[in-house]
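The values are calculated or read from the model by the stated rules, or taken from the named source; none is laboratory data. Quick caveat: nothing in here was measured; it's all calculated off a predicted structure. Cβ placement follows ideal geometry from the backbone for every residue including glycine, while neighbour counts extend to all protein chains displayed.
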Amino acid sequence: MKKLSLLLILAVMVSVMVFSCQKSPMGIQALGNDDMSNITKKPDNPGKPDNPGKSGKNGSGCISIKDGSLTYPPGHFLEGQPLELGYDDYGYNYHAHIFNGLYVNAYLGAAGFPPYTGDAGAYEQENPGVVMLPAWDADLRDIKLVMKWNNAWLSNTDCDGDGLLDRHPGTVSYINSGARLTNHLTWEDELGSHESYRKIVAAPGDAYQDGGFWYLSDGTVLGEILWNSFVIVEEENSGEGTADVRPASPQLDVYNEEPGSGAPC
(Lines give C-alpha, C1' and ligand atoms only; values in the text may rest on other atoms or scores of the structure.)
Protein backbone atom coordinates (compact mmCIF):
# COMPACT_ATOMS: atom_id res chain seq x y z
CA MET A 1 0.00 0.00 0.00
CA LYS A 2 1.50 3.29 -1.10
CA LYS A 3 0.49 5.23 1.99
CA LEU A 4 2.02 2.75 4.41
CA SER A 5 5.26 2.51 2.44
CA LEU A 6 5.57 6.30 2.46
CA LEU A 7 4.88 6.40 6.17
CA LEU A 8 7.54 3.82 6.90
CA ILE A 9 10.00 6.21 5.25
CA LEU A 10 8.61 9.58 6.33
CA ALA A 11 6.75 9.00 9.57
CA VAL A 12 9.82 7.86 11.41
CA MET A 13 11.45 11.09 10.26
CA VAL A 14 8.72 13.03 12.00
CA SER A 15 10.93 12.93 15.02
CA VAL A 16 13.77 15.10 13.82
CA MET A 17 12.60 17.93 11.64
CA VAL A 18 10.68 20.05 14.03
CA PHE A 19 12.90 20.57 17.00
CA SER A 20 16.27 22.17 16.49
CA CYS A 21 18.47 24.70 14.85
CA GLN A 22 20.49 22.10 12.99
CA LYS A 23 19.79 19.99 9.96
CA SER A 24 18.23 16.65 10.74
CA PRO A 25 20.86 13.94 11.14
CA MET A 26 19.72 12.48 7.82
CA GLY A 27 20.42 15.80 6.11
CA ILE A 28 16.95 15.87 4.52
CA GLN A 29 13.57 17.28 5.42
CA ALA A 30 12.47 15.18 8.34
CA LEU A 31 9.93 15.79 11.06
CA GLY A 32 11.17 15.88 14.58
CA ASN A 33 14.23 18.13 14.76
CA ASP A 34 14.24 20.53 11.83
CA ASP A 35 10.69 21.88 11.60
CA MET A 36 11.46 23.37 14.99
CA SER A 37 14.69 24.38 13.36
CA ASN A 38 16.20 27.72 14.28
CA ILE A 39 13.71 28.45 17.04
CA THR A 40 15.45 31.71 17.89
CA LYS A 41 15.01 34.90 19.81
CA LYS A 42 14.45 38.28 18.24
CA PRO A 43 17.35 39.37 16.00
CA ASP A 44 18.04 42.44 18.14
CA ASN A 45 18.50 40.28 21.23
CA PRO A 46 20.42 37.19 20.09
CA GLY A 47 20.62 34.94 23.11
CA LYS A 48 21.04 37.73 25.67
CA PRO A 49 19.11 37.68 28.95
CA ASP A 50 16.20 40.13 28.99
CA ASN A 51 17.10 41.35 32.47
CA PRO A 52 20.74 42.50 32.56
CA GLY A 53 20.82 41.89 36.31
CA LYS A 54 19.74 38.25 35.99
CA SER A 55 20.17 35.35 33.59
CA GLY A 56 16.66 35.29 32.17
CA LYS A 57 13.44 36.85 33.44
CA ASN A 58 12.95 34.24 36.15
CA GLY A 59 16.52 34.52 37.43
CA SER A 60 17.12 30.81 36.83
CA GLY A 61 19.69 31.28 34.09
CA CYS A 62 17.13 30.25 31.48
CA ILE A 63 14.76 32.02 29.11
CA SER A 64 11.42 30.27 28.73
CA ILE A 65 8.62 30.48 26.21
CA LYS A 66 6.58 32.23 28.90
CA ASP A 67 9.03 35.14 28.79
CA GLY A 68 7.81 36.01 25.29
CA SER A 69 11.23 36.67 23.73
CA LEU A 70 11.74 33.33 21.95
CA THR A 71 10.40 33.68 18.41
CA TYR A 72 9.81 31.70 15.24
CA PRO A 73 12.94 31.75 13.06
CA PRO A 74 13.71 33.45 9.75
CA GLY A 75 12.02 31.55 6.94
CA HIS A 76 9.16 30.32 9.10
CA PHE A 77 5.70 31.56 8.10
CA LEU A 78 5.41 33.05 11.60
CA GLU A 79 8.91 34.56 11.50
CA GLY A 80 9.55 36.99 14.33
CA GLN A 81 6.38 36.19 16.25
CA PRO A 82 6.77 34.88 19.82
CA LEU A 83 6.46 31.13 20.26
CA GLU A 84 2.98 30.25 21.49
CA LEU A 85 2.71 29.10 25.08
CA GLY A 86 -0.09 26.74 24.04
CA TYR A 87 -0.88 25.23 20.64
CA ASP A 88 -0.04 27.28 17.59
CA ASP A 89 -2.10 27.21 14.39
CA TYR A 90 -0.08 24.28 13.04
CA GLY A 91 -0.62 22.03 16.04
CA TYR A 92 2.67 22.50 17.91
CA ASN A 93 2.77 23.09 21.64
CA TYR A 94 6.48 23.54 22.31
CA HIS A 95 5.88 24.27 25.99
CA ALA A 96 4.02 20.99 26.59
CA HIS A 97 6.25 18.93 24.23
CA ILE A 98 3.51 17.83 21.84
CA PHE A 99 2.26 18.19 18.28
CA ASN A 100 -1.37 17.32 17.52
CA GLY A 101 -2.58 18.07 14.01
CA LEU A 102 -2.52 17.14 10.34
CA TYR A 103 0.66 15.48 9.10
CA VAL A 104 1.49 18.17 6.56
CA ASN A 105 1.16 20.92 9.16
CA ALA A 106 4.18 19.49 10.93
CA TYR A 107 6.22 20.66 7.90
CA LEU A 108 4.44 23.70 6.50
CA GLY A 109 5.49 26.43 8.91
CA ALA A 110 9.22 25.81 8.64
CA ALA A 111 8.84 25.69 4.85
CA GLY A 112 7.28 29.16 4.88
CA PHE A 113 3.67 28.15 4.27
CA PRO A 114 0.53 28.96 6.29
CA PRO A 115 -1.39 26.24 8.15
CA TYR A 116 -3.48 23.84 6.06
CA THR A 117 -7.10 23.42 7.16
CA GLY A 118 -8.36 20.73 4.80
CA ASP A 119 -9.25 22.32 1.45
CA ALA A 120 -6.38 21.08 -0.71
CA GLY A 121 -7.56 22.71 -3.94
CA ALA A 122 -7.91 26.17 -2.45
CA TYR A 123 -4.63 25.81 -0.57
CA GLU A 124 -2.71 24.91 -3.74
CA GLN A 125 -4.19 27.89 -5.58
CA GLU A 126 -3.02 30.25 -2.84
CA ASN A 127 0.30 28.46 -2.23
CA PRO A 128 1.36 26.77 -5.51
CA GLY A 129 4.87 26.03 -4.25
CA VAL A 130 3.51 23.58 -1.71
CA VAL A 131 3.29 20.88 -4.38
CA MET A 132 7.08 20.51 -4.10
CA LEU A 133 6.86 19.53 -0.44
CA PRO A 134 6.98 15.72 0.05
CA ALA A 135 4.54 15.91 2.96
CA TRP A 136 1.95 17.48 0.63
CA ASP A 137 1.48 14.08 -1.06
CA ALA A 138 -2.26 13.37 -1.27
CA ASP A 139 -1.75 10.11 0.63
CA LEU A 140 -0.05 11.88 3.53
CA ARG A 141 -1.23 15.44 4.11
CA ASP A 142 -4.53 14.66 5.87
CA ILE A 143 -3.17 11.97 8.18
CA LYS A 144 -3.70 12.80 11.85
CA LEU A 145 -0.43 12.96 13.76
CA VAL A 146 0.27 13.09 17.47
CA MET A 147 3.96 13.55 18.25
CA LYS A 148 5.33 13.72 21.80
CA TRP A 149 8.86 14.27 23.07
CA ASN A 150 10.56 14.67 26.43
CA ASN A 151 12.73 17.48 27.75
CA ALA A 152 15.94 15.72 26.73
CA TRP A 153 14.76 15.64 23.10
CA LEU A 154 13.84 19.32 23.04
CA SER A 155 13.36 21.47 26.10
CA ASN A 156 11.04 24.46 26.35
CA THR A 157 13.79 26.81 27.56
CA ASP A 158 17.00 28.42 26.36
CA CYS A 159 19.51 27.94 29.16
CA ASP A 160 22.75 28.30 27.21
CA GLY A 161 22.05 31.77 25.84
CA ASP A 162 22.07 30.91 22.14
CA GLY A 163 18.45 31.96 21.61
CA LEU A 164 17.29 28.43 20.79
CA LEU A 165 15.25 25.85 22.64
CA ASP A 166 17.86 23.50 24.12
CA ARG A 167 18.42 19.96 22.93
CA HIS A 168 19.79 17.21 25.21
CA PRO A 169 20.40 19.69 28.07
CA GLY A 170 23.16 18.55 30.39
CA THR A 171 24.87 16.27 27.86
CA VAL A 172 27.24 17.07 25.00
CA SER A 173 25.22 15.00 22.50
CA TYR A 174 22.06 12.94 22.30
CA ILE A 175 23.95 9.78 23.25
CA ASN A 176 23.07 8.83 26.84
CA SER A 177 20.76 11.86 27.14
CA GLY A 178 17.56 9.91 27.75
CA ALA A 179 15.86 11.65 24.81
CA ARG A 180 12.77 9.96 23.48
CA LEU A 181 10.02 10.75 21.02
CA THR A 182 6.87 9.01 19.80
CA ASN A 183 4.84 9.36 16.61
CA HIS A 184 1.24 8.14 16.41
CA LEU A 185 -0.46 8.45 13.02
CA THR A 186 -4.05 7.56 12.15
CA TRP A 187 -5.94 7.67 8.87
CA GLU A 188 -8.77 6.11 6.90
CA ASP A 189 -8.91 4.96 3.30
CA GLU A 190 -10.82 2.53 1.10
CA LEU A 191 -9.42 -0.39 3.14
CA GLY A 192 -10.59 0.96 6.48
CA SER A 193 -8.94 2.55 9.51
CA HIS A 194 -5.21 2.44 10.14
CA GLU A 195 -2.66 3.37 12.78
CA SER A 196 1.12 3.64 12.72
CA TYR A 197 3.21 4.09 15.85
CA ARG A 198 6.95 4.64 16.38
CA LYS A 199 9.03 5.16 19.52
CA ILE A 200 12.54 6.52 19.08
CA VAL A 201 15.10 6.99 21.87
CA ALA A 202 18.69 8.13 22.18
CA ALA A 203 21.18 5.29 22.52
CA PRO A 204 22.61 4.61 26.01
CA GLY A 205 26.22 5.52 26.67
CA ASP A 206 27.41 1.91 26.91
CA ALA A 207 25.78 0.82 23.65
CA TYR A 208 27.63 0.01 20.43
CA GLN A 209 26.71 -0.26 16.75
CA ASP A 210 27.04 -3.30 14.54
CA GLY A 211 25.37 -4.19 11.26
CA GLY A 212 22.79 -1.43 11.39
CA PHE A 213 21.70 -2.13 14.99
CA TRP A 214 22.45 -0.78 18.45
CA TYR A 215 23.55 -3.30 21.09
CA LEU A 216 24.08 -3.05 24.83
CA SER A 217 27.55 -3.87 26.14
CA ASP A 218 26.37 -7.42 26.96
CA GLY A 219 25.32 -7.99 23.34
CA THR A 220 21.58 -7.45 23.81
CA VAL A 221 19.96 -6.01 20.69
CA LEU A 222 18.28 -2.65 21.30
CA GLY A 223 17.00 -1.82 17.82
CA GLU A 224 17.79 -0.29 14.47
CA ILE A 225 20.18 2.64 14.20
CA LEU A 226 18.46 5.92 13.29
CA TRP A 227 20.35 9.17 12.63
CA ASN A 228 23.45 7.57 14.19
CA SER A 229 22.50 8.49 17.78
CA PHE A 230 19.01 7.00 18.05
CA VAL A 231 17.28 3.64 18.32
CA ILE A 232 13.87 2.64 16.95
CA VAL A 233 12.66 0.64 19.95
CA GLU A 234 9.01 0.22 19.09
CA GLU A 235 7.17 0.09 15.79
CA GLU A 236 3.60 -0.98 15.18
CA ASN A 237 1.21 -0.81 12.23
CA SER A 238 -2.42 -1.85 12.50
CA GLY A 239 -5.39 -1.96 10.18
CA GLU A 240 -6.18 -3.95 7.08
CA GLY A 241 -3.07 -4.63 5.01
CA THR A 242 -0.69 -3.92 7.91
CA ALA A 243 0.72 -5.84 10.85
CA ASP A 244 2.60 -5.41 14.10
CA VAL A 245 6.26 -5.34 13.10
CA ARG A 246 8.36 -4.73 16.22
CA PRO A 247 7.71 -4.91 19.99
CA ALA A 248 9.09 -2.50 22.55
CA SER A 249 12.60 -3.02 23.91
CA PRO A 250 12.35 -3.55 27.68
CA GLN A 251 16.10 -2.87 27.94
CA LEU A 252 15.33 0.82 27.48
CA ASP A 253 12.81 1.12 30.31
CA VAL A 254 15.46 3.24 32.05
CA TYR A 255 14.11 6.13 29.95
CA ASN A 256 11.50 6.98 32.55
CA GLU A 257 10.58 10.52 31.48
CA GLU A 258 7.63 10.03 29.19
CA PRO A 259 7.28 11.99 25.94
CA GLY A 260 4.96 14.94 26.23
CA SER A 261 6.03 15.68 29.80
CA GLY A 262 6.65 19.38 29.46
CA ALA A 263 8.84 20.98 32.12
CA PRO A 264 7.04 23.45 34.42
CA CYS A 265 8.90 26.51 33.22
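The criterion of being in a loop (DSSP other than H, G, I, E, B), of a type in the set (S, T, Y), within 23 Å of Y215 (Cβ to Cβ) and free of Cβ contacts under 8 Å to residues at least 40 places away in the same chain holds for S177. Within region 157-164, not a single residue is in a loop (DSSP other than H, G, I, E, B), within 26 Å of S64 (Cβ to Cβ) and of a type in the set (S, T, Y). Every condition in (1) within 21 Å of L181 (Cα to Cα); (2) free of Cβ contacts under 8 Å to residues at least 24 places away in the same chain is met by P128 except one, and the failing one is (1).
Of A203, A207, all but one fail to be modelled with pLDDT of 55 or more, closer than 28 Å to D166 by Cβ and more than 19 Å from the chain's Cα centre (by Cα); the exception is A207.
You will find that of S155, S64, the residue that is crowded, with 22+ Cβ neighbours inside 10 Å and over 13 Å from the mean Cα position of the chain (by Cα) is S64 and no other.
If you go through region 102-121 one residue at a time, do you hit one that is in a strand (DSSP E or B) and either crowded, with 17+ Cβ neighbours inside 10 Å or in contact with a helix residue (DSSP H, G or I) (Cβ under 6 Å, 6 or more places away or on another chain) (or both)? Yes, the conditions are met somewhere in region 102-121. Against the criterion of being farther than 28 Å from T171 by Cα and among the polar types (S, T, N, Q), N93 does not qualify.
Looking only at region 88-101, which residues are under 15 Å from the mean Cα position of the chain (by Cα) and assigned to a loop (DSSP other than H, G, I, E, B)? Within region 88-101, D88, Y90, G91, Y94, H95, A96, H97 meet the criteria.
Taking the criterion of being crowded, with 19+ Cβ neighbours inside 10 Å and within 30 Å of A138 (Cβ to Cβ), the residues of region 185-209 that qualify are L185, W187, H194, S196, R198, K199, I200. Test E236 against the stated conditions and say whether it is at pLDDT below 90 and surrounded by 13 or more Cβ atoms within 10 Å (Cβ to Cβ). The answer is yes for E236.
The single condition among (1) closer than 30 Å to A203 by Cα; (2) among the aliphatic types (A, V, I, L, M); (3) more than 13 Å from the chain's Cα centre (by Cα) that L133 does not satisfy is (1).
Close contacts from region 189-208, counting a first residue that is part of a loop (DSSP other than H, G, I, E, B) and a second that is exposed (fewer than 12 other Cβ atoms within 10 Å of the Cβ) and at pLDDT below 90, with Cβ to Cβ under 6 Å and a gap of 6+ residues or different chains, come to L191/E240.
Taking the numbered list (1) surrounded by 11 or more Cβ atoms within 10 Å (Cβ to Cβ); (2) at pLDDT 90 or above in turn, D218 passes all entries but (1). Counting only residues that are touching a Phe, Trp or Tyr at 6+ places or on another chain (Cβ under 8 Å) and part of a loop (DSSP other than H, G, I, E, B), which one in region 65-87 is farthest from A111 (Cα to Cα)? Step by step, filter region 65-87, then rank; the result is E84.
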